Amino acid sequence: MTFLGSLTRKPWIWSCVAALTVWLTTILFTGGASTVGLSQAALTFAAFSILVGVGQMFVITLGPGNIDLSVPATMTLAGTVALKFMNVDNSMILPGLAVAIGIGIAVGIGNYALIKLLQIPPIIATLSMSFIVQSTAIWTNRGLRIKPPEVLANFTTETTAGIPNVALVALVLSVLAFVLLQKTVYGRWIAAIGQNIRAARMAGIPVDGTRFVTYILCAVLAALCGYLLASFSGGAALNMGSEYLLMSIAVVVIGGTAVAGGDSNVPGIWGASLFMFLVVSMLNTYGAGAGIRLVMTGLIIIAVIVVAGGRNPNQR
């Protein structure tokens, strides 16, 4: 098999090709004037989708029916409580981060408690938890838009060597996620569970413990994303996580992760997240209305999935 043929069978390649195509099209249309600005904006906004997408990917890899619908509410609560706890004090940035992570751990525990102890399907359990978490966020926020500490706000909005800092954070966490999935026993466990949960139990894999850790991991990444997004946006808003529910699922699917479970794909999350932002940016550049943007975005996503549909799912 040729190198090109082998490359086209990689599950992550099509989302990356789609993102590159849209980026080049937009650059050519603008005569190259927006190259740096568009690239930095794409990396910045894609970073938030990457963080929640990676977390959702862990859960989806566990197999059919596994999905976390509490991601948006977790982002909102973590961002709201962390900013309120820090109270615009630069010395409280790390404690605020610890609070956000703690909220993620608590939500993850709550999700799996509903799934395991009450035998509720994951989609229903996490949806129920999202209402509880969102209500807590509303009670905590009380309509106030609390500002982040200045140092944290500057960090999330600035760049290092021309690369947005939030993108660098997403890159580091993506590398860690890739290593965790591909090079550790835990990664092999969740893949085995996703492929056949009964066979995994018979093989002695701690299925319940692995699923428990996975739901916590997803919630922690959502909480971290909420912490960074609230700081980047200049304050926590009660609807700041709403667009990331479908987004966290879409980037997983477009990125090449098997929806049936058992197969994950971290590089594809990057391609899909960049692609989703760049499509909207390109259509805005062409002056497309809101309705046309939604229709075109849907059609382009379908096209990418159809083109990638012929790949061999066993190739990575």
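The values are calculated or read from the model by the stated rules, or taken from the named source; none is laboratory data. Only a predicted model underlies this, so the values are computations on that prediction, with no experimental measurement involved. Neighbour counts run over all protein chains shown; Cβ positions are idealised from the backbone, glycine included.
Test Ala113 against the criterion of being modelled with pLDDT of 90 or more, over 13 Å from Ile216 (Cα atoms) and in a helix (DSSP H, G or I), and give yes or no.
Spelling it out, it is not the case that Ala113 is modelled with pLDDT of 90 or more, over 13 Å from Ile216 (Cα atoms) and in a helix (DSSP H, G or I).
Just the residues that are farther than 24 Å from Ile197 by Cβ, under 12 Å from the mean Cα position of the chain (by Cα) and hydroxyl-bearing (Ser, Thr, Tyr), please, taken from the range 239-268.
Tyr244
Which one is surrounded by the most Cβ atoms within 10 Å (Cβ to Cβ) among residues in the range 116-131 that are within 19 Å of Ala223 (Cβ to Cβ) and in contact (Cβ under 8 Å) with a residue 40 or more places away in the chain?
Step by step, filter the range 116-131, then rank; the result is Thr126.
Going by the structure shown, is Tyr215 out of contact with any Asp or Glu (no Cβ under 8 Å at 6 or more places or on another chain) and among the aromatic types (Phe, Trp, Tyr)?
The answer is no for Tyr215.
Please determine whether any residue of the range 54-63 is within 14 Å of the chain's Cα centre (by Cα), small (Gly, Ala, Ser) and assigned to a helix (DSSP H, G or I).
Checked against the condition, which is being within 14 Å of the chain's Cα centre (by Cα), small (Gly, Ala, Ser) and assigned to a helix (DSSP H, G or I), the range 54-63 yields at least one hit.
Under 23 Å from the mean Cα position of the chain (by Cα), modelled with pLDDT under 95, surrounded by 14 or more Cβ atoms within 10 Å (Cβ to Cβ) and in a helix (DSSP H, G or I): is that true of Ala153 in this structure?
Against the criterion (under 23 Å from the mean Cα position of the chain (by Cα), modelled with pLDDT under 95, surrounded by 14 or more Cβ atoms within 10 Å (Cβ to Cβ) and in a helix (DSSP H, G or I)), Ala153 qualifies.
Take Leu173 and decide whether it is assigned to a helix (DSSP H, G or I) and crowded, with 22+ Cβ neighbours inside 10 Å.
no
Is there any pair linking a residue in the range 159-185 that is closer than 21 Å to Ser231 by Cβ to one that is among the small types (Gly, Ala, Ser) and surrounded by 14 or more Cβ atoms within 10 Å (Cβ to Cβ), with Cβ under 8 Å and at least six apart or on different chains, and which?
Pro164/Ala47; Val166/Ala47; Ala167/Ala46; Ala167/Ala47; Val169/Ala47; Ala170/Ala46; Ala170/Ala47
Just to verify a result, which residue in the range 26-69, among those that are loosely packed, with under 15 Cβ neighbours inside 10 Å and within 24 Å of Leu299 (Cβ to Cβ), is modelled with the lowest pLDDT?
Thr30
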